[in-house]
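J.: The structure that follows is given in the form of structure tokens.
No value in this document is a laboratory result; all are computed from the given coordinates. Because the structure is a prediction, the values reported are computed rather than measured. For neighbour counting, all protein chains shown are included, and Cβ atoms are generated from backbone atoms with ideal geometry for every residue, glycine included.
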Amino acid sequence: MRFLHLVGIGVWLGAGAAAALLVRVAAQDPPERRADRLELVGRFYAWLVAPAAILASGSGLAITMMAASAGYGARLGEPASAAMQVLGLLAGALEIFGSFPASQRMLRAVLASPGPDLAGAGERMRRRVALLGPTALAMVIVALYLGIIATPRG
Ligand code: HEM
């Protein structure tokens with residue numbers, strides 16, 4: 001389960017960073033190239049970012065439940081571990097209910113009118129993805145740090 005947790009986090013960070021970069025670059029692109037880049041962002045979210053966010057958060061929840069029923073409740077309640085769990089859940093929720101649906105609406109807008117100008121709703125969604133995506137990633141990075149210091153080695 002920890003393996004799935006770490007794979008989810010790795011893919012989430014990698015694909016999320018690529019999507020965040022593409023969304024930024026697209027804003028300065030010559031208009032005829034924008035649609036291609038934004039389409040790629042939508043596909044990244046659908047195939048990598050959202051599934052990885054679900055995998056990381058879902059496996060985290062599963063580890064919490066297994067560890068709690070195995071009697072490790074006290075460790076789960078220590079500040080770094082608890083903060084990792086809360087921040088991880090918030091980052092997952094932000095991605096799954098915020099940036100992911102916005103990316104899919106943006107994708108639909110791009111596919112519906114692939115011309116140089118993104119219509120109003122599409123542009124609003126692009127801005128939302130550009131804001132929420134990196135915010136969620138920053139939370140994942142802090143959660144990663146907390147998860148590393150929370151887990152005893154030996
Ligand atoms: C942004 C998302 C998250 C990140 C970056 C993250 C990071 C980590 C890391 C680095 C570890 C240590 C793994 C190891 O060394 O084997 C870990 C373990 C763990 N994570 Fe997460 N995590 C996230 C989300 C969650 C969520 C949402 C939960 C549960 C609600 C959760 C629960 C746990 C538990 C219970 C452990 C084992 C802790 C222990 O053994 O003391 N994680 N996490």
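J.: What does the charge dipole of the chain about its Cα centre add up to, to the nearest 20 debye, if the Cβ of each Lys and Arg holds +1 and the Cβ of each Asp and Glu holds -1?
T.: Computed charge dipole of the chain: roughly 40 debye.
J.: With axes computed from alpha carbons, what is the tilt in degrees of helix 2-28 against the longest principal axis of the chain, rounded to the nearest 10 within 0 to 90?
T.: Tilt of helix 2-28: around 30 degrees.
J.: Which order do peptides 21-27, 101-107 fall in by mean Cβ count within 10 Å, highest first?
T.: Ranked from most to least packed, the peptides come out as 101-107, 21-27.
J.: If you don't mind, there's one more thing I want to ask. Would you work out the relative contact order for segment 2-150, in percent, from Cα pairs under 8 angstrom that are 6 or more residues apart?
T.: Averaging sequence separation for qualifying contacts and normalising by length gives 33 percent for segment 2-150.
J.: Another question about this same structure. Under the √(5λ) rule applied to the eigenvalues of the Cα gyration tensor, what semi-axes describe the equivalent ellipsoid of the chain? Give them in Å, descending.
T.: That gives 35, 13, 12 Å for the three semi-axes.
J.: Right, another one. Can you tell me which of 66-73, 37-44, 83-90 comes out highest on packing, and rank the rest after it, using the mean Cβ neighbours within 10 Å?
T.: 37-44, 83-90, 66-73
J.: If each of Ala46 and Ser113 carries a label point 7 Å out from its Cα toward its Cβ, how far apart are those two points in nm?
T.: Computed distance between label sites Ala46 and Ser113 equals 2.1 nm.
J.: So what are the ³J(HN,Hα) numbers for segment 61-68, from phi and the Karplus equation (6.51, -1.76, 1.60; θ = phi - 60°), rounded to whole Hz, Gly and Pro as x?
T.: 4, 5, 4, 4, 5, 5, 5, 5
J.: Now for a different question. Along the positive direction of the dipole of segment 1-97 (beta-carbon charges: Lys, Arg +1; Asp, Glu -1; about the Cα centre), which of Ala20, Leu76, Phe44 reaches farthest?
T.: Result: Leu76, furthest along the dipole toward the positive end.
J.: Next question. Okay, helix-only estimate at 222 nm for the chain: each DSSP H run of n ≥ 4 adds -39500 (n - 2.57), divide by all residues, round to 500 deg cm²/dmol; what do you get?
T.: Result for the chain: -27500 deg cm²/dmol, rounded to the nearest 500.
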